[in-house]
1. How big is segment 61-137 by the Kirkwood estimate over distinct Cα pairs, in Å?
2. Listed highest first by mean packing, meaning other Cβ atoms within 10 Å per residue, what order do 19-29, 237-247 come in?
3. With 21 Å as the limit, write out which pairs from Lys146/Lys228; Lys76/Lys168; Lys146/Lys252; Lys146/Lys168 have Cα-Cα distances beyond it, or answer none.
4. As a test of the formula, what do you get for the chain when each DSSP H run with n ≥ 4 contributes -39,500 (n - 2.57) and the sum is divided by the residue count, at 222 nm and rounded to the nearest 500 deg cm²/dmol?
5. Out of all Cα-Cα pairs in segment 220-278, roughly what percent, to the nearest whole number, are more than 14 Å apart?
6. Taking Cα atoms of the chain, Rg/Rh with Kirkwood Rh, to two decimals?
7. Suppose a student asked you for the relative contact order of the chain, using Cα pairs under 8 Å spaced at least 6 residues apart; what percent would you report?
Amino acid sequence: MYINPAWRILTIGDGDLSFSTSLWNNYKPQHLTATVFDDKQSLTAKYGDEYYQQLVSSGCQVLSGFDVTCQQTWGKLKRNHYDVVIFQFPLIPAFSSVQEFKQQCNNFSINTLNRRLLRLYLLNCFEHFLADNGAKLAFITSKDVKPYRQWNIEDALTLNTNIHFIGKSCFDINQFPGYKIRNVDRDKHVKSTQGTTYVYSTEKNTEINASLGDKIKGCPQDNKSQDKYCSICRTGAFYTDLDKQVHLASKKHLQMQHYEQQWLSYLQHEEHQKDRMG
Ligand SMILES: C[S@@+](CC[C@H](N)C(=O)[O-])C[C@H]1O[C@@H](n2cnc3c(N)ncnc32)[C@H](O)[C@@H]1O
């Protein structure tokens, strides 16, 4: 992950604050605001408050009970102040019962709800968190295995917005000594399988473009060659038409196509909501 020490950084949903603490200790950014979704009491009960105290005593701002989708929880956060916002391994919290899920999901699937979390994160980054005179970058680090790769992070999240996916890089946890990747709800830390950091900006050319890999690995830019790829499954190049037909009929592709359709329905719902609010 490319980090410029001159940056003002905001971290989102940092389970136990070990990522923010490592970021602060190893890169000394100009400013760091770290946020956690849990309230202070749950944070302390799950993980203790060692990282919290370390950050606060180093002069960093730490906000608990911070829901990136809900402005009312943002408290003393300075608006439009940051160069980069980072969300490591986002995942919606588990529902405590089927009943709770039915009440809250609005008939959307877990796949759509995770995409919604990331879309709202990106929209709020560029509308409320990032400074106009700054680097204008939003990072999402996630895993390239199921169910995360079924979110189509590269293409789906920014549809109908002015935000561009500008590239990705491998996430190397050794760059962040002491960072423990946390499960969404429990106090255990997860096995550090390979992660990828996806980078977004409203600018097409940013100071970090040169450090990022291809948008779609190996996928050529011209439409004719793209015919040999399946962008939603990120599969290809198909050697023959028959190979492509076999892929399009596969369970894996049909499942992804279903998720894409659900996502488009969600985006329509979002549009209707916006129209209704005027
Ligand atoms: C798999 S955990 C990863 C935790 C931490 N970022 C890490 O890398 O160890 C997913 C995190 O996303 C956070 N999260 C889920 N929904 C959120 C929301 N609406 N706003 C902020 N954080 C959220 C959860 O609280 C949880 O800490």
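Taken together, the values in this text are just the output of simple stated rules run on the coordinates, not laboratory data. Fair warning: this is a prediction, and the values are worked out from it, not measured in the lab. Glycine gets a Cβ as well: all are built from the backbone with ideal geometry, and neighbour counts include every protein chain shown.
1. It works out to 14.0 Å.
2. Order by mean packing, descending: 19-29, 237-247.
3. Over 21 Å Cα-Cα: Lys146/Lys228; Lys76/Lys168.
4. Per the formula, -9500 deg cm²/dmol.
5. When all Cα pairs of segment 220-278 are counted, 64 percent exceed 14 Å.
6. 0.97
7. It rounds to 18 percent for the chain.
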